[in-house]
Amino acid sequence: MNNQTGNNNHYDLIVIGAGSGGVRAARIAANYGAKVAIVESVRVGGTCVLRGCVPKKLLVYGSHFAKDIEDSEGFGWQISSFIHDWSKLISNKNKELDRLNKIYLNLLSKVNIINGFAEIISNNEIEVNGEVLSTNSILIAVGGKPFMPDIIGKELCIDSDAALDLKKFPTSIVINGGGYIALEFAGIFASFGSNVTLVYRGKNILRGFDSDISKLITEELKNSKIKLLTETEISSVAKTSDGLLTKLSSGEEVITKEVMYATGRVPATNDLGLKNVGIKIGSIGEIIVDDNNETNIKNIFAIGDVTNRINLTPVAIAEGQIFADNRFGATNKKCDYSNVASAVFTQPAIGVVGLSEVEAEKLYADNGGISIFKTSFKPMKQTLGGRNTKIFIKMIVTNKDNKVVGIHGIGDDMPEIIQICAVAIKAGATKDDFDNTMGIHPTAAEELVTLK
Ligand code: NDP
């Protein structure tokens, strides 16, 4: 599929969007010898590197020192004063993002990087910076963007992009939402000492997660002095001399320095020219693709968050790799979406893989049912540290063949632990396999092999 035309403006592949998925696809396609261009309107790196996972995790690390310092007293440390410099953290975080941006640029050494906004004008043409480029295939990898519902005072509120770049630390903040981003930022700001009010429209936060996780993380939020208001919505936000006044559906009013919306993300397809070629989209604007990542228009493909399948960086990367291998390496791979582990970087963190109890009960109702094994205990560090926090682990096992079909946990190390649990589950591990494995003592992870 090499470009044989000799036309400088003709490519084998044009990728739109240089995030994790797009960069992987472009790099692998170029390694196969394809002539590739990647068009990016901001800078190379995408949501994960520039506006999501990476800067968020750096802020999680930064904020966690407050808890570590609190813990250290019980271990004999006397820390008379500790002061945090928010602007230094944001500046160092930005330097790290610049470094990662350069690494991503290096990864694209065989790809023509075009800075601009692409519009698809036909199934083999795009327009960028006033120039028309032709191509044998187009890959849309533009990702998503924060969604904010229309409320009075919306323009006064920040989203996660802005929250990662605040010039001044907010000593108080209202965060709307009960999902990944709301909970992670609630933890970050609370650990740095902000008064956090978390507003959630539903009854139980982290809808779709195992109910024990939702229940126990709610307790942990309270331990972190986060004020959680469930079954509550924001009616309006207004500016006052004391800060932002948030009026809630309950009638309550809160004044804070910032109001953040973390009410989901939607595919970033505005002005992309989808209508020019008739690309099919779903209810929130996601691009519909088949299991070969191809849209209803031949030679136009899409991967990552813009397709709203599983919106996680490693999934987008896998989709990009598979797309490039199939298209330019003549393989016929399909992405395996089963047992994708994920973590929520709350404090303590959450790690999950496989089915929740409710999902497993339903799936195995007519096939022997399931058994639940769970444990909850005080982390060893907190025997001296003294903070009121717990580790929780839950394993879901089929009765018929003893297979582990779900593991859910809360604890500082849970994201690291759950990654390896995912390997075991994908390999078909049984509860006996876990039980027959020696533990490492003393760790939290050893509880996984001693669950009774
Ligand atoms: P989520 O879908 O996780 O959560 C959105 C939250 O906003 C839900 O609690 C939802 O409520 C609520 N909500 C939605 N619409 C409204 C509305 N109109 N008014 C009030 N509340 C509303 O989205 P996030 O923005 O937190 O994250 C987006 C995605 O990014 C995640 O799904 C995940 O795929 C990815 N991500 C992954 C991370 C990780 O891997 N650690 C970290 C951050 C993001 P309800 O429950 O009622 O629908």
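Quick notes on this one:
- N296 long-range amide H proximity, modeled H, under 5 Å: K280
- Straight-line cross-link partners of K168 among the aspartates and glutamates, defined as a Cα under 12 Å from its Cα and at least 8 positions apart when in the same chain: D85, E258.
- Report note on the peptides 137-144, 9-16: ranked by the mean count of other C-beta atoms within 10 Å, highest first, their order is 137-144, 9-16.
- Within the stretch 282-340: Cβ-based charge dipole about Cα centre, in debye rounded to nearest 20 (Lys, Arg +1; Asp, Glu -1): 120
- With θ taken as phi - 60° and the Karplus curve 6.51 cos²θ - 1.76 cosθ + 1.60 applied, the whole-hertz 3J(HN,Hα) list for the stretch 251-263 is x, 5, 10, 10, 10, 9, 6, 9, 10, 10, 9, 10, 9 Hz, x standing for glycine and proline.
- A simple rule links phi to the HN-Hα coupling: the Karplus curve 6.51 cos²θ - 1.76 cosθ + 1.60 with θ = phi - 60°, which for the stretch 273-279 gives x, 4, 5, 4, 10, x, 6 Hz, with x for Gly and Pro.
- Note on I152, I396: ascending count of other Cβ atoms within 10 Å places them as I152, I396, the fewest first.
- Rounded to 5, percent antiparallel among DSSP beta bridges of the stretch 81-213: 60
- The DSSP beta bridges internal to the chain are antiparallel in roughly 60% of cases.
- Here the dipole of the chain is about 420 debye; that uses its Cα centre as origin and unit charges on the Cβ of Lys and Arg (positive) and Asp and Glu (negative).
- Annotation: amide H of I38 within the under-5 Å range of V15, N112, I113, I114, sequence separation 5 or more or interchain, hydrogens built in the peptide plane.
- Radius of gyration and Dmax over the Cα atoms of the stretch 218-338, both given in Å: 21.3, 64
- Per-selection Rg to Rh, the chain - Cα, Kirkwood hydrodynamic radius: 0.99
- Cross-link pairs K215/K247; K110/K426; K95/K215; K67/K215; K145/K426 - those with Cα-Cα distance over 28 Å: K110/K426; K95/K215; K145/K426
- Lys pairs under 24 Å by Cα in the stretch 347-418, provided they are eight or more residues apart or on distinct chains: 13
- Of all aspartates and glutamates in the structure, those lying under 16 Å Cα to Cα from K225, and not within fewer than 8 positions of it along the same chain, are E70, E184.
- Distance from the Cα centroid of the stretch 195-238 to that of the stretch 324-350 is 29 Å (rounded to whole angstrom).
- Backbone amide hydrogens, once placed in the peptide plane, bring N176 within less than 5 Å of V199, M260, Y261, A262, excluding anything fewer than 5 places away on its chain.
- The three principal axes of the C-alpha atoms in the stretch 287-347 carry coordinate ranges of 45, 22, 16 Å, sorted with the longest axis first.
- With Cα atoms, 0 to 90° folded angle of helix 180-191 axis to the chain main axis: 50
- For the peptides 298-307, 190-199, 53-62, 101-110, residues were scored by their other Cβ atoms within 10 Å and the scores averaged per peptide; the highest-first order is 298-307, 190-199, 53-62, 101-110.
- Couplings for the stretch 87-94, taken from phi via the Karplus curve 6.51 cos²θ - 1.76 cosθ + 1.60 with θ = phi - 60°, read 5, 5, 4, 5, 5, 5, 4, 5 Hz in order; Gly and Pro are left as x.
- Of M438, M260, M148, M395, the sequence from fewest to most neighbouring Cβ atoms within 10 angstrom is M438, M148, M395, M260.
- When the alpha carbon coordinates of the stretch 385-451 are projected onto the principal axes, the ranges are 42, 20, 19 Å, largest first.
- Axis of helix 53-72 versus longest Cα principal axis of the chain: the two differ by about 20°, to the nearest ten degrees.
- Placing +1 on each Lys and Arg Cβ and -1 on each Asp and Glu Cβ, with no other charges, gives the stretch 236-340 a dipole about its Cα centre of roughly 240 debye.
Where a number appears in this text, it was derived from the coordinates with a stated rule and is not lab data. All values derive from a computational prediction rather than experimental measurement. Backbone-built Cβ (ideal geometry, glycine too); neighbour counts: all protein chains shown.
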